[in-house]
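*Asks:* Can you read through this structure? Questions will come right after.
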Amino acid sequence: MKKKDRVADIHCHILPALDDGSGSMEESMEMLRIAVRSGITDIIATPHYRAGMRNPSPDTIRKRVREVRREAVKRGVDVNLYPGNEVRFFSELEDIPLSEKICTLNDSPYILIEFSPTDSYRLIRNALDEVLGMELVPVIAHVERYRCLLEDWKQVEALRGMGAQIQVNASSLTGKAGHKVKKLAWTLLRGHLVDYIGTDAHGSQNRTPDLRKCLKLLHRKCEEPYIEEILWGNARKLLISRE
């Protein structure tokens, strides 16, 4: 990888003390160092949003992003950090004042949406239709984890055909989530059905933002133009135009 290349991680729980990710500023700094060492240049911080839970407000998320940015500069950690959320879909999503409750990905029309692993294909399809009706682009978080899609990967193609975009976890591609999940993730990559790779990192010891093993596999098994697209090209429209 050339120094000028940029690599975006659009799914990372790196903001301190907002969810089950980083527990402190020190841990966030260590996560940033790991990310930078593995080639990541841009990170969208995506704390969980779950209905009925105590969730950080968009203002709190943006404030924490600024705090982490300042600390990173002080420590000489060169990385770009942006606000976001990972939103567990709930049926009242279209009824809430979105801008007051949830951060889209870098305040773009793209929103990172997750589901329960056991949700049906029908539920996921209808949910995505609802999000699209809100004039948002749903990015399905770690699509390879959902049981209904593990049973029939061509349903991912149908969801993408609706207008949804697809994110897979780097750890799934390296086998950390099990053989079936790995198989689906690579099937989707080979079919060019993946739009983004994310670390879904939650800490500096386990589930870290280390992309090195994943990048080696990508460069061994995929075409370079497609690798550039899923590591940076697709994320560019979420980041560069809004910097």
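The values are calculated or read from the model by the stated rules, or taken from the named source; none is laboratory data. Nothing here was measured: the structure is a model prediction, and the numbers come from that model. Quick reminder, even Gly has a Cβ in these numbers, built from the backbone with ideal geometry, and neighbours come from all protein chains shown.
*Asks:* (1) at negative phi; (2) surrounded by fewer than 19 Cβ atoms within 10 Å (Cβ to Cβ); (3) part of a loop (DSSP other than H, G, I, E, B): which one isn't true of His192, the others all being true?
*Replies:* Of (1) at negative phi; (2) surrounded by fewer than 19 Cβ atoms within 10 Å (Cβ to Cβ); (3) part of a loop (DSSP other than H, G, I, E, B), only one is false for His192: (1).
*Asks:* Another one. Within the group Arg236, Arg160, which residue is closer than 19 Å to Ala35 by Cα, of a type in the set (Lys, Arg) and assigned to a helix (DSSP H, G or I)? Let's see the steps before the verdict.
*Replies:* On the way: Arg160 fails: closer than 19 Å to Ala35 by Cα.
Selected residue: Arg236, the only one of Arg236, Arg160 that is closer than 19 Å to Ala35 by Cα, of a type in the set (Lys, Arg) and assigned to a helix (DSSP H, G or I).
*Asks:* Within the range 195-221, track down each residue that is out of contact with any strand residue (DSSP E or B) (no Cβ under 7 Å at 6 or more places or on another chain) and part of a loop (DSSP other than H, G, I, E, B).
*Replies:* Within the range 195-221, His202, Gly203, Ser204, Gln205, Asn206, Asp210, Leu211 qualify.
*Asks:* Mind checking which residues of the range 154-179 are of a type outside the set (Gly, Ala, Ser) and farther than 17 Å from Ser116 by Cα? Spell out how you get there, then give the answer.
*Replies:* Narrowing the range 154-179 to residues of a type outside the set (Gly, Ala, Ser): 154-157, 159-160, 162, 165-169, 173-174, 176, 179.
Lys154, Glu157, Arg160, Met162, Gln165, Leu173, Thr174, Lys176, His179, listed by residue number.
*Asks:* Something else about it: Which of the following residues is under 23 Å from Glu114 (Cα atoms), among the aliphatic types (A, V, I, L, M) and in contact with a Ser or Thr (Cβ under 6 Å, 6 or more places away or on another chain): Ile14, Ile44, Ile10, Ile61? It would help to see each step written out before you state the result.
*Replies:* Working: Ile44 fails: in contact with a Ser or Thr (Cβ under 6 Å, 6 or more places away or on another chain); Ile10 fails: in contact with a Ser or Thr (Cβ under 6 Å, 6 or more places away or on another chain); Ile61 fails: in contact with a Ser or Thr (Cβ under 6 Å, 6 or more places away or on another chain).
Ile14 is the lone residue from the list that is under 23 Å from Glu114 (Cα atoms), among the aliphatic types (A, V, I, L, M) and in contact with a Ser or Thr (Cβ under 6 Å, 6 or more places away or on another chain).
*Asks:* Of all the residues that make up the range 198-243, how many are touching a Pro at 6+ places or on another chain (Cβ under 9 Å) and farther than 21 Å from Glu114 by Cα?
*Replies:* 1
*Asks:* Tell me, yes or no, whether the range 145-155 has at least one residue that is assigned to a loop (DSSP other than H, G, I, E, B), surrounded by fewer than 21 Cβ atoms within 10 Å (Cβ to Cβ) and among the basic types (Lys, Arg).
*Replies:* First, pick out the residues of the range 145-155 that are assigned to a loop (DSSP other than H, G, I, E, B): 146, 152-153.
Applying the additional criterion that residues be surrounded by fewer than 21 Cβ atoms within 10 Å (Cβ to Cβ) yields 152-153.
From the residues that got through so far, the ones that are among the basic types (Lys, Arg) too are none.
No, that holds for no residue.
*Asks:* If you check Ala164, Ala141, which single one turns out to be over 19 Å from Asp20 (Cβ atoms) and of a type outside the set (Asp, Glu)?
*Replies:* Details: Ala141 fails: over 19 Å from Asp20 (Cβ atoms).
Unique residue meeting the criteria: Ala164.
*Asks:* Hey, can you tell me all the residues within the range 95-135 that are assigned to a loop (DSSP other than H, G, I, E, B), loosely packed, with under 15 Cβ neighbours inside 10 Å and either of a type in the set (Lys, Arg) or touching a Pro at 6+ places or on another chain (Cβ under 9 Å) (or both)? If you could, list the steps in order and put the result at the bottom.
*Replies:* First, the residues of the range 95-135 that are assigned to a loop (DSSP other than H, G, I, E, B): 96-97, 102-104, 108-109, 115-120, 134-135.
Among the residues that remain, those that are also loosely packed, with under 15 Cβ neighbours inside 10 Å are: 96-97, 109, 116-118, 120, 134-135.
Glu135 - this is the single residue of the range 95-135 that is assigned to a loop (DSSP other than H, G, I, E, B), loosely packed, with under 15 Cβ neighbours inside 10 Å and either of a type in the set (Lys, Arg) or touching a Pro at 6+ places or on another chain (Cβ under 9 Å) (or both).
*Asks:* Now a separate question. From (1) closer than 22 Å to Asp19 by Cα; (2) part of a helix (DSSP H, G or I); (3) not acidic (Asp, Glu), pick out the condition that doesn't hold for Ala185.
*Replies:* Here Ala185 clears every test but (1).
*Asks:* Kindly establish whether Leu184 is over 19 Å from the mean Cα position of the chain (by Cα) and farther than 20 Å from Thr46 by Cα.
*Replies:* No; evaluated as a whole, the condition is false for this residue.
*Asks:* Hey, among the residues in the range 61-71 that are surrounded by fewer than 20 Cβ atoms within 10 Å (Cβ to Cβ) and under 20 Å from Ala201 (Cα atoms), which one's nearest to the chain's Cα centre (by Cα)?
*Replies:* Ranking the qualifying residues of the range 61-71, first place goes to Arg62.
*Asks:* Tally time: how many residues in the range 72-94 are acidic (Asp, Glu), in a loop (DSSP other than H, G, I, E, B) and over 21 Å from the mean Cα position of the chain (by Cα)? Reasoning before the result, please.
*Replies:* Step one: filter the range 72-94 for residues acidic (Asp, Glu), giving 78, 86, 92, 94.
If we keep only those that are in a loop (DSSP other than H, G, I, E, B) as well, we get 78, 92.
Filter again for over 21 Å from the mean Cα position of the chain (by Cα), leaving 92.
Residues flagged as acidic (Asp, Glu), in a loop (DSSP other than H, G, I, E, B) and over 21 Å from the mean Cα position of the chain (by Cα) within the range 72-94 amount to 1.
Here is a yes/no grid of residues against (1) among the hydrophobic types (A, V, I, L, M, F, W, C); (2) modelled with pLDDT of 95 or more; (3) closer than 25 Å to Val168 by Cβ:
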site: Ser22; (1), (2), (3): no, yes, yes
site: Ala45; (1), (2), (3): yes, yes, yes
site: His48; (1), (2), (3): no, yes, yes
site: Ser57; (1), (2), (3): no, yes, no
site: Lys74; (1), (2), (3): no, yes, no
site: Leu81; (1), (2), (3): yes, yes, yes
site: Arg88; (1), (2), (3): no, yes, yes
